[in-house]
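Engineer: Input: one structure, supplied below.
We did not get these values from a lab; they are worked out from the coordinates using the rules stated. Keep in mind that what you see is a predicted model, and the values were worked out from it rather than measured. Note that we place each Cβ from the backbone using ideal geometry, even for glycine, and neighbour counts take in every protein chain shown.
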Amino acid sequence: MGLEADLQKLEKTVNELSSGEKTLDESVELYKSGLLLVQKCQRYLQDTAQKVKMITAEDGVIKEQDFAG
């Protein structure tokens, strides 16, 4: 699954938790699955940031450097 799908699942989880219609046990399980989704999304974003390259033209020479943002 991609980041977008995981973010949609996370949004759904948050909405379900916010509804107040779940039992305590269901809420705990939703919370745990939400935390796992957050961690997965964070890892994806960290991995992607490491892959992103900034290309700059300096004196007519194109250079690649790691994205540091």
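Engineer: What distance in nm separates the simple spin-label points at A49 and K22, each placed 7 Å from Cα in the Cβ direction?
Structural biologist: 2.8 nm
Engineer: Return the lysines within reach of K12: Cα separation strictly under 28 angstrom, same-chain partners fewer than 8 residues apart disregarded; answer none if there are no such residues.
Structural biologist: Once the sequence-local lysines are set aside, what remains near K12 is K22, K32, K40.
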